[in-house]
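**Student:** Please read through the structure below; I'll follow up with questions.
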Amino acid sequence: MDFNDTKDEAKFRDEVSSWLSANADKKEHAKDIYRPAEMSGEGESGESSALKDAKAWQAKKYDAGWACLHWPKDYGGRDATPMERVIWGQEESKFKVPGGFFEIGQGMAGPVLMLYATEEQKKRYLPPMAKGEEIWCQLFSEPGAGSDLAGIKTKAELDGDTWTINGQKVWTSGAHYSDYGIIVTRSDFSAPKHKGLTYFFLDMKSPGVEVRPIKQITGGANFNEVYFTDVKIPDSQRLGEIGDGWKVSLTTLMNERLAVGDASGVDFQEIFELAKDQDFNGDTAISNGAVREKLADWYCEQSGLKYTKMRNISALSQGSTPGPEASITKIVSANKLQDIANYGMDLMDNASIARDEETAIFQGSLLGAPLIRIAGGTDEVLKNIIAEQVLGMPQDIRVDKNVPFNEIPTGSKN
Amino acid sequence: MNFNFSEDQLLMKEEVKKLLDKENSVKRNRNVLEGEEKFDKELWNQLVQMGLTATTIPEEYGGIGMGFLELCVIAEELGRGIAPVPFSSSVYLATTAILNSSNEDIKKEFLPKLASGEIIGTFAHSEKTTFPSESGISVAAKSGKITGKKVAVPDGDIANFALVSATSGKNKIGLYLVDLSADGVEIDSLETFDPSRSHADISFKNTPAQELSADAWEDIEKLLDQSAVLFAFEQVGGAEAAMNQAKDYAMGRYAFGRAIASFQAIKHKVADMYISLQLARSNCYYGAWALSNDAPELPTAAATARVSATKAFYECSKENIQTHGGMGATWEFDCHLFYRRARLLSSNIGSQGIWKDKLITSLEKSNSPT
């Protein structure tokens with residue numbers, strides 16, 4: 001039992017580390033992260049500066065062969081092993097570099113294109129995706145179809161070799177700066193719901209695509225509603241067979257669950273430091289037994305997730321497939337985030353209500369946590385997945401199975 | 001990297017599991033619980049014959065010279081089988097305490113007999129009703145004799161000898177080895193919450209005692225950290241068994257025309273058990289790494305493993321009863337055996353509140369918790 005690199009891993013780590021050292025600034029401490037020039041992080045300007053920096057960093061990596069490491073070289077990758085990809089991630093996280101923007105394309109759209117697109121399409125779209133030149137979004141959820149994704153209603157009609165799309169998508173991250181999108185639509189309303197779906201990719205600049213930001217409870221707007229009015233997609237951009245869209249979607253969703261990891265925001269370190277500083281009944285909060293018990297619980301969760309990740313990396317290092325243990329990560333980290341944020345504000349008492357440098361991260365985490373518990377599979381959906389796919393318990397009984405989609409009852413909240 | 005047990009260690013784990021399955025250790029737990037015997041001698045002898053009591057003892061002292069990692073996998077299986085044997089007292093605690101010590105005479109005399117199962121040892125530490133702090137020890141050692149009372153000593157009425165914490169003068173706590181058949185020892189067996197594991201109050205009156213160390217508080221803290229990792233593995237084994245029982249029962253139990261395992265209320269309950277179990281298991285692996293490397297991180301790693309494993313076994317064992325419905329609360333079903341064992345293991349070597357406090361204390365000391 002050890003954490004040591006194998007000879008090959010150590011060699012690869014050295015190579016990665018020396019390239020990063022030559023091309024980026026090392027973090028001086030954990031909180032010394034990349035910040036865009038326009039510091040606000042909100043509104044148009046903060047984002048565009050962050051986007052510009054992220055594109056530049058991604059292009060630099062691409063040119064040196066460090067983008068999408070596990071992809072084939074032909075498509076802009078490096079043919080790296082899963083373990084090499086992990087090592088890259090570990091080393092890159094020690095540097096002050098911009099991120100975001102490309103995960104959905106590289107993590108979700110890329111794998112689907114690799115499986116279902118033509119060779120010509122792969123050569124056309126994957127390298128710019130790896131380089132960060134073209135950004136992709138994922139058009140899945142709809143106002144009436146979230147956890148029950150197969151209930152989507154966006155309509156696709158084929159005429160000759162062109163499809164016409166009408167409907168609405170929602171919760172589309174980055175639609176406002178994306179060049180392309182992957183979309184699942186309903187092409188047959190009289191087939192049972194999982195059988196009438198068809199999957200495409202499309203140019204987000206197509207006429208009839210309208211993107212409107214959604215203001216979240218944090219005040220930020222990372223997501224969008226996307227409306228489709230007579231949008232044309234050539235049949236050549238269909239991924240998978242007509243009516244096979246559900247199967248194609250599952251590839252994307254599997255990759256989504258791998259992509260959605262730890263919840264960012266306050267964690268044990270923040271509440272630990274706060275408890276050491278904060279007054280509580282004439283002493284520091286950390287001297288209080290009840291506070292210590294809470295801290296211990298969160299430390300155990302954080303540590304449990306950290307070493308669950310290590311067990312998975314170890315499996316990769318040993319050349320085996322990681323177990324299903326990682327499926328617990330998002331549930332545990334999102335709930336921990338919410339509870340730590342709430343407890344931190346509790347410790348700060350009435351002063352927590354005012355927004356200042358100290359309270360901001362707790363306030364932001366408390367407001368951000370609800371959406372993290374929902375995005376990329378709600379707590380409840382993830383627990384179903386653990387029960388069904390990890391523990392082998394039966395699926396729920398589905399009253400809409402084998403019923404033509406247009407005969408399935410819908411409620412007023414759809 | 002290989003943050004896992006080796007193939008040989010996993011093979012050993014499988015062998016222990018096979019033995020406990022074949023011997024139906026859960027049924028044996030019930031027999032001890034309902035009967036007059038204090039532990040299952042037959043099962044104990046089989047574990048001894050398999051060499052498990054000799055695991056960590058070097059060959060020069062009659063052992064087989066393996067390490068703590070092997071002991072971790074054994075502990076997990078003993079927990080899964082809720083084995084009614086004094087293994088934790090004799091192996092995790094007494095054997096480890098003697099191995100840690102530098103008293104060569106005691107090592108030569110006791111380790112071969114512990115390895116061969118000829119004698120059973122235990123650790124007598126608790127006084128009054130709580131796990132003692134350094135200032136809470138009232139048993140006193142003076143001129144080779146000890147006097148005072150230890151309470152609820154695990155296997156106190158089974159063991160041949162006990163390692164006893166006692167004041168050694170000048171505000172120091174020492175550690176003493178006491179033959180429990182010696183003059184001045186009074187042993188009172190207790191009626192306990194989990195009668196599959198025997199406990200006794202032990203009074204000493206001018207009882208002859210061999211000194212392991214006159215200044216042993218740090219040694220005792222370390223012994224507790226080491227054994228906490230092993231207890232945690234035992235708890236993880238028990239938790240996994242309870243989770244699997246809940247799942248299996250729910251798959252076969254039908255209500256409202258379908259297996260109750262198809263209801264989300266049950267699925268989510270079992271998923272919650274799985275989550276607490278995985279967190280505990282991963283923390284245990286880190287504890288195993290720290291234990292086997294005698295790493296400076298041991299106090300933090302041990303407390304983390306202990307706290308999350310205690311939580312996991314409690315949750316899995318109580319929700320296992322809930323999943324079984326009324327039958328889960330009958331004497332006839334095995335659910336309560338796991339529920340009792342979960343509680344017992346939570347109390348032995350110190351309760352949840354104590355370990356949570358130890359964890360935060362060690363994080364405050366190390367000053368770099370993450």
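The values are calculated or read from the model by the stated rules, or taken from the named source; none is laboratory data. All values derive from a computational prediction rather than experimental measurement. Cβ coordinates were reconstructed from backbone atoms using ideal geometry, including for glycine residues, and neighbour counts include every protein chain displayed.
**Student:** What helices (runs of 4 or more DSSP H), lying completely within region B:251-370, carry at least 2 residues that are farther than 23 Å from A:Gln302 by Cβ?
**Tutor:** Result: B:264-292, B:298-324, B:335-347.
**Student:** Further question on the same structure: Can you find a residue that is within 13 Å of B:Lys145 (Cα to Cα), over 24 Å from the mean Cα position of the chain (by Cα), of a type in the set (Gly, Ala, Ser) and modelled with pLDDT of 95 or more anywhere in region B:185-208?
**Tutor:** no
**Student:** Just checking, which of B:Ser362, B:Ser346, B:Ser292 is within 30 Å of B:Ser126 (Cα to Cα), in contact (Cβ under 8 Å) with a residue 12 or more places away in the chain and out of contact with any Ser or Thr (no Cβ under 8 Å at 6 or more places or on another chain)?
**Tutor:** Exactly one of B:Ser362, B:Ser346, B:Ser292 is within 30 Å of B:Ser126 (Cα to Cα), in contact (Cβ under 8 Å) with a residue 12 or more places away in the chain and out of contact with any Ser or Thr (no Cβ under 8 Å at 6 or more places or on another chain), namely B:Ser292.
**Student:** To continue, here is another question. Name the residues in region B:288-304 that are at the interface with chain A (Cβ under 9 Å from one of its Cβ atoms), out of contact with any Phe, Trp or Tyr (no Cβ under 6 Å at 6 or more places or on another chain) and within 18 Å of B:Lys365 (Cα to Cα), would you?
**Tutor:** Answer for region B:288-304, where residues must be at the interface with chain A (Cβ under 9 Å from one of its Cβ atoms), out of contact with any Phe, Trp or Tyr (no Cβ under 6 Å at 6 or more places or on another chain) and within 18 Å of B:Lys365 (Cα to Cα): B:Thr300, B:Thr304.
**Student:** Which condition breaks for A:Glu134 when tested against (1) outside any helix (DSSP H, G or I); (2) farther than 30 Å from A:Phe200 by Cβ?
**Tutor:** Going through the list (1) outside any helix (DSSP H, G or I); (2) farther than 30 Å from A:Phe200 by Cβ, A:Glu134 breaks only (2).
**Student:** Could you list, in sequence order, all residues of region A:137-176 that are part of a helix (DSSP H, G or I) and within 16 Å of A:Pro207 (Cα to Cα)?
**Tutor:** Across region A:137-176, the qualifying residues are A:Ala175, A:His176.
**Student:** Just one of (1) within 7 Å of chain A (Cβ to nearest Cβ); (2) crowded, with 24+ Cβ neighbours inside 10 Å; (3) aliphatic (A, V, I, L, M) trips up B:Met273, so point out which.
**Tutor:** The number of the failed condition is (1).
**Student:** Now a separate question. Checking A:Ala354 against (1) without any contact (Cβ under 8 Å) to a residue 40 or more places away in the chain; (2) crowded, with 19+ Cβ neighbours inside 10 Å: exactly one of these is not met. Which one?
**Tutor:** (2)
**Student:** Here is a further query. With the structure loaded, tell me whether B:Ser347 is at pLDDT below 95 and away from every other protein chain (no Cβ under 14 Å) or whether it fails that test.
**Tutor:** yes
**Student:** Starting from region B:95-107, take each residue that is closer than 11 Å to B:Tyr61 by Cα and free of Cβ contacts under 8 Å to residues at least 60 places away in the same chain and list its partners that are in a helix (DSSP H, G or I) and of a type in the set (D, E, K, R), counting only C-beta distances under 8 angstrom and pairs at least six apart or across chains.
**Tutor:** Listed by first residue and then by second, the contacts come to B:Leu99/B:Lys107.
**Student:** Okay, moving on. Within the bounds of region A:131-138, is there any residue that is small (Gly, Ala, Ser), buried (at least 22 other Cβ atoms within 10 Å of the Cβ) and touching a residue at least 60 places away in the same chain (Cβ under 8 Å)?
**Tutor:** Scanning region A:131-138, I find at least one residue that is small (Gly, Ala, Ser), buried (at least 22 other Cβ atoms within 10 Å of the Cβ) and touching a residue at least 60 places away in the same chain (Cβ under 8 Å), so the answer is yes.
**Student:** Counting just the residues of region B:37-65 that are among the hydrophobic types (A, V, I, L, M, F, W, C) and within 19 Å of the chain's Cα centre (by Cα), which one comes out nearest to B:Leu291 (Cα to Cα)?
**Tutor:** Among those residues, the one meeting the criterion is B:Ile57.
**Student:** Could you run through region B:321-334 and say how many residues are of a type in the set (A, V, I, L, M) and either surrounded by fewer than 16 Cβ atoms within 10 Å (Cβ to Cβ) or at positive phi (or both)?
**Tutor:** Matching residues across region B:321-334 total 2.
**Student:** Further, regarding this structure: When you scan region B:7-53 for helices (runs of 4 or more DSSP H) that lie fully inside it, which ones turn up with 2 or more residues that are in contact with an Asp or Glu (Cβ under 6 Å, 6 or more places away or on another chain)?
**Tutor:** B:7-22, B:25-34
**Student:** Identify all residues within region A:369-387 that are of a type outside the set (A, V, I, L, M, F, W, C), assigned to a helix (DSSP H, G or I) and either in contact (Cβ under 8 Å) with a residue 24 or more places away in the chain or more than 8 Å from every other protein chain (Cβ to nearest Cβ) (or both); write none if there are none.
**Tutor:** A:Pro370, A:Asp379, A:Glu380, A:Lys383
**Student:** Filter region A:280-319 for residues that are charged (D, E, K, R) and part of a helix (DSSP H, G or I) and give the result.
**Tutor:** A:Arg292, A:Glu293, A:Lys294, A:Asp297, A:Glu301, A:Lys306, A:Lys309, A:Arg311
**Student:** Out of region A:175-207, which residues are among the small types (Gly, Ala, Ser) and farther than 18 Å from A:Glu142 by Cβ?
**Tutor:** A:Ser190, A:Ser206
**Student:** Filter region B:242-252 down to residues that are more than 8 Å from chain A (Cβ to nearest Cβ) and in contact (Cβ under 8 Å) with a residue 40 or more places away in the chain and give me whichever is surrounded by the most Cβ atoms within 10 Å (Cβ to Cβ).
**Tutor:** Result: B:Ala242.
**Student:** Kindly indicate whether B:Leu337 is surrounded by 20 or more Cβ atoms within 10 Å (Cβ to Cβ), closer than 28 Å to A:Gly392 by Cβ, more than 9 Å from chain A (Cβ to nearest Cβ) and of a type outside the set (Asp, Glu).
**Tutor:** yes
**Student:** When the residues of region B:190-209 are filtered to those that are of a type outside the set (A, V, I, L, M, F, W, C) and not in a strand (DSSP E or B), which remaining residue is surrounded by the fewest Cβ atoms within 10 Å (Cβ to Cβ)?
**Tutor:** So the residue we want is B:Glu191.
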